[in-house]
Amino acid sequence: MRKYFIAGNWKMNKNAAESVALAEELVRTMGQQYDVDAVICPPFTSLQGVARVIENSTIKVGAQNMHHEQSGAYTGEVSPEMLRHLYVSYVILGHSERRTLFGETDAFINAKVKAALHNRLRPILCVGETLEEREADRMFEVVETQLAGGLDGVEADQTDLLVIAYEPVWAIGTGKTATPDQAEEMHRRIRDWLKKRFSDSVAERIRIVYGGSMKPSNAADLLKNPNIDGGLIGGASLEGRSFADLVKAAAGKSK
Ligand code: PGA
């Protein structure tokens, strides 16, 4: 069975105090959610404060990035061990903003995925095509290349920790959502790829979530598809009410 997974990617928003306030609001309003994995991913500077707030709730905390080495001369970077020490459970890797604005390659992302798994952090591996790639009908090829690169060397028995986020670049922060059919078509493709790469049973267990302008008003139509197992939410996760509504939209529906 796949439990729905709803994660908020706060990106470079909310200072430490604002993050604590939003986390407190979520703990207060959402209550204990046992049938949805609800995760919030604040900036690094807020991880410690947020981790304390959510300690006794069912909400988990995630980071938005990390380096693959455990320590050393990597100015400005944060290691898997540092995240583990703060009780971080998840880490977003390969987000399109990291790929395009910071030049992250599939090989670099792959090193991080392996380091995350090695440290028992749960990677949320992001894949997705640009508008140009979709218009040239290359979206499947692009996403499959990102999957092959990002998961290179990953063993089937490590995949219990893995979440895949399909985030079409043209839908991120633009207000343009992929239609439920477009998203489901890609999610099915990703699951088929995972079947070939690992096995049927492994592929059936991995959550594949959608990201790109997902909000309470379009969540139900996306989530009812057989291969859409949740969402990675940017803009709509910055407001307590809308994130709580997204979690509610997923509650009681795991498949
Ligand atoms: P968005 O961002 O919901 O603001 O489109 C999603 C993401 O980038 O993870």
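Just a few scattered comments:
- Dipole magnitude of the chain about its Cα centre (Cβ charges: Lys, Arg +1; Asp, Glu -1), debye to nearest 20: 620 debye
- Applying 1/(1 + (r/R0)^6) with R0 = 51 Å to the Cβ-Cβ distance of Thr174 and Ala73 gives a FRET efficiency near 0.85.
- Placing unit charges on each Cβ (+1 for Lys and Arg, -1 for Asp and Glu) gives segment 5-251 a dipole about its Cα centre, and among His118, Ala21, Gly128 the Cα reaching farthest toward its positive end belongs to Ala21.
- The Asp192 and Ala16 beta-carbon pair, evaluated with R₀ = 41 Å, returns a calculated FRET efficiency of approximately 0.45.
- Under 19 Å of direct C-alpha separation, and excluding same-chain neighbours fewer than eight residues apart, Lys248 reaches these lysines: Lys3, Lys60, Lys215, Lys224.
- Modelled label reach - Ala251, point 7 Å along Cα→Cβ, segment 8-40 residues with backbone N closer than 16 Å: 25-39
- Using the Stokes-Einstein relation with a Kirkwood hydrodynamic radius computed over Cα pairs, the translational diffusion coefficient of the chain at 37 °C and a viscosity of 0.692 mPa s comes to 182 µm²/s.
- Rounded to the nearest 0.05, the FRET efficiency derived from the C-beta distance between Tyr87 and Asp181 at R0 = 51 Å is 0.85.
- Cross-link reach list, aspartates and glutamates versus Lys14, counting only Cα pairs under 12 Å and skipping chain neighbours closer than eight places: Glu239
- Cα centroid of segment 52-81 to Cα centroid of segment 150-182, whole Å: 20 Å
- Tail fraction, Cα-Cα pairs, segment 120-255, threshold 19 Å, whole percent: 48 percent
- Prolate is the label for segment 39-157, because a/c, from the alpha-carbon gyration tensor with a ≥ b ≥ c as root eigenvalues, is 1.5 or above and a/b exceeds b/c.
- A simple charge model with +1 on the Cβ of Lys and Arg, -1 on the Cβ of Asp and Glu and nothing else charged puts the dipole of segment 108-161 at about 440 debye relative to its Cα centre.
Since every read-out is calculated from the coordinates, none of them should be taken as a lab result. Model, not experiment: these values are computed from the prediction. Neighbour counts run over all protein chains shown; Cβ positions are idealised from the backbone, glycine included.
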